[in-house]
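Below is one structure, written out as structure tokens; the observations come after it.
The values are calculated or read from the model by the stated rules, or taken from the named source; none is laboratory data. If you're wondering where the values come from, they're calculated on a predicted model, not measured in any experiment. As a convention, Cβ positions derive from the backbone with ideal geometry for all residues, glycine included, and neighbour counts pool all protein chains shown. The protein model used for the area step is the full one, side chains on, heavy atoms only, and it has no ligands, DNA or RNA in it. Shrake-Rupley method; radii C 1.70, N 1.55, O 1.52, S 1.80 Å.
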Amino acid sequence: MTNEIMNTLGFGGVDIAYFFLGMAIIIIILFILIMVQMRQTSKLKKKYAMFMLGKDAKNLESRILTLVEENKCLKDMAGENRKDIRRLYRNMEYTYQKMGLIKYDAFKQMGGQLSFSLALLNDKNNGFIINSVHSSDGCYSYTKEIKDGTSEISLGEEEKQALDIAMNSNHKTNPEK
């Protein structure tokens, strides 16, 4: 069965039943797409109605302006917080945050390890060493200043060990460095 219209459209050799079957499938697909679009539109209308519930344009505008102002305040506060955190990191460079402790028996007596060397350093390896020597006669404490990880006064073996422990600790004040 040939038709003049089918020949004009370039489907002259196609059986008309296949043509109608293809058209029916396309119509079903379009119908499904229309149903999906209608459902999405319905959901959107419900959301819009909920959003506009009890609000007129003036109230909505004032609410949006309030949100914009609150957003500005939050941004300003975040900037201030960043400045405060930087200041705290700078201040922490000068606090004692690295420690090395060595306990020892100064005179190899039967009293145990009562003597100690304690090194306290800041982030720039400045600080001091406290050396406390205990003996049967008494307890004597000494301090030695540390600048850039060294002392102008010679250090004893235990003091060197305490200083090495403190300097080799992996403490970092600012993780962003």
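Just to be sure before I move on: is S141 touching a Ser or Thr at 6+ places or on another chain (Cβ under 9 Å), open to solvent by 30 Å² or more (accessible area, probe 1.4 Å), within 23 Å of K160 (Cα to Cα) and hydroxyl-bearing (S, T, Y) in the structure I sent? Taking the combined requirement at face value, the residue satisfies it.
Please go through the stretch 104-133 and pick out each residue that is charged (D, E, K, R), open to solvent by 40 Å² or more (accessible area, probe 1.4 Å) and in contact (Cβ under 8 Å) with a residue 12 or more places away in the chain. The answer is K124, and nothing else. Under the condition of being in contact with a Leu (Cβ under 7 Å, 6 or more places away or on another chain) and either outside any strand (DSSP E or B) or open to solvent by 80 Å² or more (accessible area, probe 1.4 Å) (or both), the residues counted in the stretch 144-161 number 1.
Check whether at least one residue in the stretch 51-69 is outside any helix (DSSP H, G or I), open to solvent by 100 Å² or more (accessible area, probe 1.4 Å), without any contact (Cβ under 8 Å) to a residue 12 or more places away in the chain and not acidic (D, E), and report yes or no. Yes. If I filter the stretch 8-27 for residues that are surrounded by 10 or more Cβ atoms within 10 Å (Cβ to Cβ), at pLDDT 75 or above, of a type in the set (S, T, N, Q) and out of contact with any helix residue (DSSP H, G or I) (no Cβ under 7 Å at 6 or more places or on another chain), do I get at least one hit? Checking the stretch 8-27: not a single residue is surrounded by 10 or more Cβ atoms within 10 Å (Cβ to Cβ), at pLDDT 75 or above, of a type in the set (S, T, N, Q) and out of contact with any helix residue (DSSP H, G or I) (no Cβ under 7 Å at 6 or more places or on another chain).
When L88 is tested against (1) in a helix (DSSP H, G or I); (2) farther than 30 Å from D148 by Cβ; (3) not aromatic (F, W, Y), just one condition goes unmet, and that condition is (2).
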